[in-house]
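The values are calculated or read from the model by the stated rules, or taken from the named source; none is laboratory data. The structure displayed is predicted, hence computed values, not measured ones. Please note: Cβ atoms are built from the backbone with ideal geometry, for glycine as well, and neighbour counts cover all protein chains shown.
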Amino acid sequence: MYKKKLDLKLIGGIFFAFLLIYVTFDSKVVFWYLYTATILFLISYTIVNEKLDDEASAKEYIKHGLWSGIALYLLILTGNWVLSVLPGSLSSQVAAIFKYFSFEFIWHYLVLFFIIIPGEEIFWRGFVLKRLTRCLNPTAAVIGAALLNGAGFFLSGYPVLALAASITGLVWGSLYIWKRSIALVFFSHLIFNLLLLIIFPLY
């Protein structure tokens, strides 16, 4: 399974991502400023250290991005319902996340759709996952990248957010390995967030 020597650029990228996510989620007041800056930094780090893939045609990434984004939303919707009938605090965490990080200004929407969504895909799939494929087989790389994505958001203090990041990471990672297209996973992520946060929000 292990193919090449230690990837210091990958380790560095993950370290910076974890550190910045931890700092970002520490205060609601500056969350949108810090997370936007975090994503811009991770985009820059990726561009400097990795070439982005986009091998799918526009027709392909729209088609696959549309169905996968809708399917992911339905999966999260179902998962939220399951959590609501189970004992524990995960369901209340979902409500708290929607309340705590709600959109207050127009620029929040703009940075979400034009910086945060593409930036998360560029870093977690276009950088972390792609570099993991150089030392792991595709399946292990997808799982590893998804777990790292979830681990990063575990530092937010919301375990349910880490769980959601891991699940969506598995889907978007699989799509990326399948089609090698950042545009595809970006479009899927866009459709998912439109449904989750704008059109049919959970709360």
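In region 156-170, the residues that are farther than 20 Å from residue 125 by Cβ reach residues that are of a type in the set (D, E, K, R) and surrounded by fewer than 17 Cβ atoms within 10 Å (Cβ to Cβ) with C-beta atoms within less than 9 angstrom, at least six apart or across chains, in these pairs: 157/26.
One line per residue, one yes/no per condition, for (1) more than 27 Å from residue 82 (Cα to Cα); (2) in contact with a helix residue (DSSP H, G or I) (Cβ under 6 Å, 6 or more places away or on another chain); (3) modelled with pLDDT of 95 or more:
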position	(1), (2), (3)
116	yes, yes, yes
125	yes, yes, yes
169	no, yes, yes
173	no, yes, yes
176	yes, yes, yes
194	no, no, yes
198	no, no, no
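Identify all residues within region 9-35 that are outside any helix (DSSP H, G or I) and either buried (at least 16 other Cβ atoms within 10 Å of the Cβ) or touching a strand residue (DSSP E or B) at 6+ places or on another chain (Cβ under 8 Å) (or both); write none if there are none. Listed by number, the list holds a single entry, 25.
Within region 142-178, the residues that satisfy the criterion of being closer than 19 Å to residue 77 by Cβ and hydroxyl-bearing (Ser, Thr, Tyr) are 158, 166, 168. Among the conditions (1) under 23 Å from residue 159 (Cα atoms); (2) of a type in the set (S, T, N, Q); (3) surrounded by fewer than 18 Cβ atoms within 10 Å (Cβ to Cβ), the only one that residue 49 does not satisfy is (1).
Within region 95-153, the set of residues being without any contact (Cβ under 8 Å) to a residue 40 or more places away in the chain and among the small types (Gly, Ala, Ser) comprises 102, 141, 144, 145, 146, 150.
Looking at region 183-203, which of its residues are out of contact with any Lys or Arg (no Cβ under 7 Å at 6 or more places or on another chain) and within 18 Å of residue 129 (Cβ to Cβ)? Across region 183-203, the qualifying residues are 183, 184, 186, 187, 188, 189, 192. In the set (1) modelled with pLDDT under 95; (2) more than 15 Å from the chain's Cα centre (by Cα), the condition left unmet by residue 136 is number (1).
Find the residue count for region 78-90, including only residues that are hydroxyl-bearing (Ser, Thr, Tyr) and either within 25 Å of residue 188 (Cβ to Cβ) or touching a residue at least 24 places away in the same chain (Cβ under 8 Å) (or both). Give the steps one after another, and end with the answer.
To start, the set of residues in region 78-90 that are hydroxyl-bearing (Ser, Thr, Tyr) comprises 78, 84, 89.
Of the ones still in play, those that are also either within 25 Å of residue 188 (Cβ to Cβ) or touching a residue at least 24 places away in the same chain (Cβ under 8 Å) (or both) are 78.
Number of matching residues: 1.
Of the residues making up region 36-77, those that are more than 17 Å from residue 118 (Cβ to Cβ), over 19 Å from the mean Cα position of the chain (by Cα), without any contact (Cβ under 8 Å) to a residue 12 or more places away in the chain and not in a loop (DSSP other than H, G, I, E, B) are 59, 63.
Mind checking whether some residue in region 18-33 is within 21 Å of residue 149 (Cα to Cα), of a type in the set (Gly, Ala, Ser) and over 17 Å from the mean Cα position of the chain (by Cα)? Within region 18-33 (the criterion being within 21 Å of residue 149 (Cα to Cα), of a type in the set (Gly, Ala, Ser) and over 17 Å from the mean Cα position of the chain (by Cα)), the answer is yes, since at least one residue qualifies.
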